[in-house]
Amino acid sequence: MREISPLQRERQAYKPKLAGVLANGINNIKLTFGEKTEAVADKEEIKALFPHVYGEPIAKFSNQGSDLSTSTINVGVILSGGQAPGGHNVIAGLYDALKSANPNNKLYGFLGGPSGIIDGKYTELTDEIMNNYRNTGGFDIIGSGRTKLETEEQFKKSLEVCKNLNIGAIVIIGGDDSNTNACLLAEWMKANNTGISVIGCPKTIDGDLKNDQIEISFGFDTATKTYAELIGNIQRDANSAKKYWHFIKLMGRSASHVCLEAALQTQPNITLIGEEVEAKKQSLDEIVSYMADIIARRAEMGKNFGIALIPEGLIEFIPEMKIMIASLNDLLAGLEKDANYQNASQDEKYQIITSKLDEKSAKLFNSLPSQIKAQLLMDRDPHGNVQVSKIETEKLLIEMIKVKLADMKKQGKFNGKFSDQAHFFGYEGRCAAPSNFDADYCYSLGYNAFALIQSGLTGYLSSIKNTTKPASQWVAGGVPLTMMMNMERRHGEMKPVIKKALVELDGPVFKALESHREKWAMNDCYIFPGAIQYFGPASVCDVTTITLQLEQENKPAMV
């Protein structure tokens, strides 16, 4: 028997709330359709690439009877990409719906992510297995991976595995890239008349997989609350010791939603938003000057302490850094087989790189601390891009601020003290025990995914809407994956991908931060959210993120 904590034992007994009509039971709902859909951009290109699944209508479930199939079906499930709190509950919802519809149905979990379906590595999920993972964090029930499903050979191998297991549907739980692959697989399966449907579920703590139909990606709620607790603890320490500036980098490479939500929950002195930096074309020096100015003004008030939040992907939002990094990506790709470069010392590598960059990029590269230069030259990710999570942006800013403050001190513009602490909160939030919201939302997403399968749909993403209301008022349905796609350049060629949702600078969430910035900068308005609460009043335990509340025009009292 597995060793578990008293809290986990109590959480396993928690019964997630089902969305709206889904609570009537899997065999008591009916599917209705809206208008036909189109891709968000590049319509003709997307249509040409996905002729068999393109343009399908938005689907919605109602309680007007039932027309769903109850025939026996085996389903395969895949966890894809980075972990996010609630993944186990998606599988639990899928499992319970499947067994409720027909006890003879089976659920196979493919092990280690998408490679599991290609290599035929799987396990049949049972009551005993499932009950050990309900309402828990992590993806360890079957593991995850980042293998892409995109080639003819992979699709053929996946089909062979599905035939051997008599699988009639596949559920892929992942982010934008993973669900792009789900759509590619759905198109291939339908084009080849396999009879196998493919349904996706929206996952990512980064919060950038959302649109009018997908209000929030699962895991964002729990992860941001986890980070907010940690930030709150540090703010309490800073307010007690009154001698450190804490620079906290937060997850979110392509978008700053996590940083923005954490700021609204904790009210730090400085919050950088990558999308704002890019829109204003701010240079690295301008960002450093902005932060140094706040540090100096607080010092004048006798406050040699503070909190600064920094999004993980900030470095790529700075226009001059973005240009330099793009050049580095191209240069390093060309130097992979250059023996002179590969055998050179670190300083010699810097000289080679500098000689090949344009004047502005070379000057910027040379201005960076050695440790940052080294991090920029590390191995690229599978997309050929710099691994920004390994770039210690928080430490880069600290070092450059020290230089700036020293210069300001010489000019008589800074008379305080500056002592720093650096933090990076990333993995701390990815596998936290899901909040009540994520436990309920994820369970509904999985349950709903099986309802879409029963309806004979393919190439859809499980959708639960109206999520700022009680679960009984949530709306269940599905959105065609092609509706969310556009064309983007990847590895030097244009490919279909689900469009990422960035922070909208004219939206209510960023405006809430913007309106409080000066007040939070100079005053100690810190909020200490504390740990996620699982038991107690709904006003404490079931409340969702400030981001979602603002986006749904249900503004919290603090704003």
Would you check which residues across segment 196-218 are surrounded by 24 or more Cβ atoms within 10 Å (Cβ to Cβ) and farther than 23 Å from residue 184 by Cβ and list them?
205, 207, 216
Go through (1) at pLDDT 95 or above; (2) in contact with a Gly (Cβ under 9 Å, 6 or more places away or on another chain); (3) closer than 30 Å to residue 192 by Cβ; (4) of a type outside the set (A, V, I, L, M) and name the single condition residue 32 misses.
(1)
For segment 1-37, which positions are surrounded by 15 or more Cβ atoms within 10 Å (Cβ to Cβ) and under 30 Å from residue 495 (Cβ atoms)?
37
Got at least one residue in segment 133-148 being crowded, with 16+ Cβ neighbours inside 10 Å, assigned to a strand (DSSP E or B) and of a type outside the set (Val, Ile, Thr)?
yes
If I go through segment 286-321 residue by residue, how many of them are in contact (Cβ under 8 Å) with a residue 24 or more places away in the chain and either assigned to a helix (DSSP H, G or I) or outside the structural domain of residue 397 (by TED's automatic domain parsing) (or both)?
19
Of the conditions (1) modelled with pLDDT under 95; (2) farther than 26 Å from residue 151 by Cα; (3) over 22 Å from the mean Cα position of the chain (by Cα), residue 543 satisfies every one except a single condition; which number is it?
(3)
Residues within segment 329-365 that are out of contact with any Phe, Trp or Tyr (no Cβ under 8 Å at 6 or more places or on another chain) and either aliphatic (A, V, I, L, M) or part of a helix (DSSP H, G or I) (or both), tallied
23
Looking at segment 99-126 only, could you name the residues that are part of a helix (DSSP H, G or I) and buried (at least 17 other Cβ atoms within 10 Å of the Cβ)?
99, 101, 115, 116, 117, 118
Scan segment 497-547 for residues that are of a type in the set (Asp, Glu) and out of contact with any helix residue (DSSP H, G or I) (no Cβ under 7 Å at 6 or more places or on another chain) and report the count.
3
Residue that is farthest from residue 549 (Cα to Cα) [pool: residues in segment 231-247 that are surrounded by fewer than 24 Cβ atoms within 10 Å (Cβ to Cβ) and touching a helix residue (DSSP H, G or I) at 6+ places or on another chain (Cβ under 7 Å)]:
244
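The values are calculated or read from the model by the stated rules, or taken from the named source; none is laboratory data. None of these values were measured; they are calculated from a predicted model. Here Cβ is always computed from backbone atoms with ideal geometry, including for glycine, and neighbour counts include all displayed protein chains.
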